[in-house]
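Remarks on the structure that follows.
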Amino acid sequence: MKKLVCILITITLGCGPVVEFEVPQPEGTKDLPIFPSRLIGKYLNFSDSSIITIDAEQITREYHFTGIIHKAEFENEMEIAIHHDTVLIDEGMKISLDVINDSVKLSSCFKNSIFQISEKNILRKFKGHYFLNKQHGENGIWTVQILKLEKKKLRLENLIYLDEIEPLSENELLESNQDTTSGLFQKPFIVKVKKGDLKKILKTKGSKGEYLKIN
């Protein structure tokens, strides 16, 4: 993939180490076969204009973004010459290019699947929160996001973020396998959460990933 497209995806989706779990969360809770009807619909995030769509078995997210870059810089990054308005298709991304004097206006849409219920994508519910458990790799570790709908406001965020590890560990609400002061993590950052402490952790959530139901 070209460097510029990589930059666009990185800005939009983000990247870097994530917190992982040895088993799906919460432990000892039954799996759900579908999302409840009250969750089904479309939701808009006003901070980045992304749209989440929830149906019975999956969640997808669609991003729309625009930006302006100097034409010479764009041509250098993409290793192509742009003489008029055009459209590029790269790795499933459609990028519209509008030439404006010595600049190029980029407009694009990127759609990805957040969650698809399956043996490796397990849905569970606890204390009003829906847990999206996704299994990764051969070692069987899991990433976990939580979903909660209050009236028309939907929250979608990680169960635990990297910057929450240290305070939660100090309060003995989880066990981790690495030192948070050691810099960049070269190995998966795996934590263990006691079900009795999970309710306390959920009370700290709610500051990220807010969407408004639009359909």
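Here's the yes/no breakdown for (1) at pLDDT 85 or above; (2) within 30 Å of K192 (Cβ to Cβ); (3) in contact with a Cys (Cβ under 6 Å, 6 or more places away or on another chain); (4) part of a helix (DSSP H, G or I):
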position: C15; (1), (2), (3), (4): no, yes, no, no
position: E20; (1), (2), (3), (4): yes, yes, no, no
position: V23; (1), (2), (3), (4): yes, yes, no, no
position: Y43; (1), (2), (3), (4): yes, no, no, no
position: N76; (1), (2), (3), (4): no, no, no, yes
position: I82; (1), (2), (3), (4): no, no, no, no
position: I89; (1), (2), (3), (4): no, no, no, no
Q. Scanning for something modelled with pLDDT of 90 or more and among the hydrophobic types (A, V, I, L, M, F, W, C), does the range 60-71 turn up at least one residue?
A. no
Q.
Can you pull out every residue in the range 133-150 that is more than 15 Å from F189 (Cα to Cα) and of a type in the set (A, V, I, L, M)?
A. I146, L147, L149
**Q.** Residues satisfying the stated conditions in the range 23-47, i.e. of a type outside the set (G, A, S), under 17 Å from the mean Cα position of the chain (by Cα) and exposed (fewer than 12 other Cβ atoms within 10 Å of the Cβ)
**A.** F46
Q: State which residue pairs qualify: first residue within 19 Å of K192 (Cα to Cα) and inside the range 137-156, second residue aliphatic (A, V, I, L, M) and not in a strand (DSSP E or B) in any location, beta carbons under 7 Å apart, and separation of 6 or more residues or different chains.
A: W142/V23; T143/V18; V144/L159; Q145/L159; I146/L159
Q: Output the strands (runs of 3 or more DSSP E) that fall wholly within the range 93-166 and possess 3 or more residues being modelled with pLDDT under 90 and over 14 Å from the mean Cα position of the chain (by Cα), or say none.
A: 93-100, 103-116
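The values are calculated or read from the model by the stated rules, or taken from the named source; none is laboratory data. Small disclaimer: the values here were computed from a predicted structure and weren't measured. As a convention, Cβ positions derive from the backbone with ideal geometry for all residues, glycine included, and neighbour counts pool all protein chains shown.
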